[in-house]
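Engineer: My questions all concern the structure below.
The values are calculated or read from the model by the stated rules, or taken from the named source; none is laboratory data. On a predicted model such as this, the values are computed, not experimentally measured, just so you know. Note: accessible area is taken over every heavy atom of the protein model, side chains too, but ligands, DNA and RNA are not part of it. Shrake-Rupley method; radii C 1.70, N 1.55, O 1.52, S 1.80 Å.
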Amino acid sequence: MRWTDNHCHLPADLDEARAVVDDARAVGVQRLVDVGTDVASSRAAAERASALDGVWATAGVHPHDAAAGLDGLEDLLAFPRVVAVGECGLDYHYDRSPRPAQRALFAEQVALAHEHGLPLVIHTREAWDDTFAILDDAGVPERTVMHCFTGGPAEAEAALERGALLSFSGIVTFKTADDLRAAALACPVDRLLVETDSPYLAPVPHRGRPNRPALLVHVGEAVAAAKGTPVEAVAEASWANAERFYQLAP
């Protein structure tokens, strides 16, 4: 099986990042998307992607950092191997930036995705209504993904109706995540992606330890179990979906 980890955060040190990528490749995780969360980390991700085979990058400002603004972000969208805007969105759980600033910066990044014809990678936590309202107002980019999807069937339906893909993380392996597994069951196979969000959210049986892309297979296995389908089918579908969504090329 071959896998794409469509959302991870590689170590800042290039040698450490290379070791993580090599470790992942050894177990079939052949492609990784290294995700930026502010201008500095987005630039670093773009530079790592240019140096590492099988790695691409995104450029975005996470809602935690919304108060810092977007200065310099748009320039990064022209970098080689930068394939998406994000992660961006709303996080009302921690409220590390004021909600009005979060909403404004999210809308600006939706506009950037439209302007540059790039996919949009969304982070939303305890903010579904405002997330959907902003998307409805600004227009949902043709390629949009709900990263680390944490909703249930109702939120999945709302996202899918808007054309978005759902990306499942290690949370789908957690004992209490029945609603999330119900959402995975409801998600058409051509609309799902898998991710680690490493170094966060390590899947069972590695929960509580640092996550890494090499553990992606556990996420795929849990999605397959929720859908009652062979894990090979999830690997094949998520590989093809990631290639189409990010327009990945060798």
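Engineer: Give me the percent relative contact order of the chain, please, defined on Cα pairs under 8 angstrom at least 6 residues apart.
Structural biologist: Working: 554 pairs, mean separation 46.3, N = 250.
Taking the mean separation of contacting Cα pairs over the length of the chain, I get 19 percent.
Engineer: Summarise the accessible area of the chain (1.4 Å probe, protein heavy atoms) by the percent that is carbon and sulfur. Show your work: numbers first, answer last.
Structural biologist: Working: 5270 of 10390 Å².
About 51 percent, which is the carbon plus sulfur part of the accessible surface.
Engineer: Could you give me the ³J(HN,Hα) list for the range 87-99, computed from phi with Karplus coefficients 6.51, -1.76, 1.60 and θ = phi - 60°, whole Hz, x at Gly and Pro?
Structural biologist: Result, ordered by residue: 8, 8, x, 9, 9, 9, 7, 9, 6, 6, 10, x, 4 Hz.
Engineer: Ordering D53, D136, D5 from largest to smallest accessible area (1.4 angstrom probe), what's the sequence? Walk me through the intermediate numbers first.
Structural biologist: Details: D53 125, D136 90, D5 0 Å².
Final ranking, largest accessible area leading: D53, D136, D5.
Engineer: Can you give me the relative contact order of the range 1-80 as a percent, contacts being Cα pairs under 8 Å and 6 or more apart?
Structural biologist: Working: 123 pairs, mean separation 21.5, N = 80.
Reported relative contact order: 27 percent.
Engineer: Excluding ligands and nucleic acids, what accessible area in Å² is computed for K227 using a 1.4 Å probe, to the nearest 10?
Structural biologist: About 50 Å², rounded to the nearest 10.
Engineer: Per residue and in Å³, how big is the convex hull formed by the alpha-carbon atoms of the range 125-186? Walk me through the numbers before you get to the answer.
Structural biologist: On the way: hull volume 4.5 nm³, N = 62.
Output value, Cα hull per residue: 73 Å³.
Engineer: Roughly speaking, what is the centre-to-centre gap between the range 90-155 and the range 10-84 when only Cα atoms are used, to the nearest Å?
Structural biologist: 19
Engineer: Write down the radius of gyration of the range 54-176 and its Dmax, each obtained from C-alpha positions, in Å.
Structural biologist: Cα-based Rg and Dmax for the range 54-176 come out at 13.9, 42 Å.
Engineer: I need to check one value: relative contact order of the range 149-250, counting alpha carbon pairs closer than 8 Å and at least 6 residues apart, in percent. Numbers along the way, then the final one.
Structural biologist: On the way: 156 pairs, mean separation 26.2, N = 102.
This gives 26 percent for the range 149-250.
Engineer: Determine, at each q value in 0.24 (inverse angstroms), the log₁₀ of I(q)/I(0) that the Debye formula gives when each Cα of the range 27-112 is one equal point scatterer.
Structural biologist: Reported log10 I(q)/I(0), two decimals: -1.03.
Engineer: Further question: Amide H of V194 versus every other amide H placed in the peptide plane: which residues, excluding those fewer than 5 positions away on the same chain, fall under 5 Å?
Structural biologist: Here N6, F168 satisfy the definition.
Engineer: Still on this model: Would you mind giving the average projected area, over all directions, of the Cα convex hull of the range 173-230 in nm² with one decimal? List each step's numbers first, then the result.
Structural biologist: Values: hull surface 15.7 nm².
Over every viewing direction, the Cα hull of the range 173-230 projects on average to 3.9 nm².
Engineer: I would also like to ask the following. Over all directions, average the projected area of the Cα convex hull of the range 151-250 and note it in nm².
Structural biologist: For the range 151-250, the mean projected area of the Cα convex hull comes to 6.3 nm².
Engineer: Could you rank D190, D197 by how accessible they are, 1.4 Å probe, largest area first? Intermediate values should be presented prior to the final figure.
Structural biologist: On the way: D190 85, D197 15 Å².
Most to least solvent-accessible, the answer reads D190, D197.
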